[in-house]
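Each remark here refers to the structure printed beneath this line.
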Amino acid sequence: MPRTPDEYAVHIMLSGGHREEVRFSTIQEFQKWYSGELMPKATSQDFISVPMKNVKNEYMVVRPSSVNAIRVEPIFSGSVERF
């Protein structure tokens, strides 16, 4: 039986070498943000909000044109953290 991830870590690689990580509860939640916010404004210099539900009292905005790559990693609660 396949396991279901508890959440998804989304690693956003930005121009200039910066990296940020945000987490989504479901892959559908990420896809909704990606297709509704990021992709329609992919070449825009205007800021868009990145949901940061895992960190209280913080928010992040990015310029969609600055996003070079995105990596989506499923996180399982039984996974061992490796650094």
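The values are calculated or read from the model by the stated rules, or taken from the named source; none is laboratory data. Just so we're clear, the structure is a prediction, and the values are computed from it rather than from any experiment. Here the Cβ positions follow ideal geometry from the backbone for every residue, glycine too, while neighbour counts run over all protein chains shown.
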(message) Checking Val50 against (1) out of contact with any Leu (no Cβ under 7 Å at 6 or more places or on another chain); (2) more than 30 Å from Arg3 (Cα to Cα): exactly one of these is not met. Which one?
(response) (2)
(message) Restricting to segment 42-60, and then to whatever is more than 12 Å from the chain's Cα centre (by Cα) and under 20 Å from Ala9 (Cβ atoms), can you tell me which residue is modelled with the lowest pLDDT?
(response) Val55
(request) Please go through segment 1-57 and pick out each residue that is among the polar types (S, T, N, Q), touching a helix residue (DSSP H, G or I) at 6+ places or on another chain (Cβ under 7 Å) and either free of Cβ contacts under 8 Å to residues at least 40 places away in the same chain or assigned to a strand (DSSP E or B) (or both). (result) Thr43, Ser44, Gln45
(request) Within segment 35-62, track down each residue that is in contact with a Ser or Thr (Cβ under 7 Å, 6 or more places away or on another chain) and surrounded by 10 or more Cβ atoms within 10 Å (Cβ to Cβ). (result) Ser44
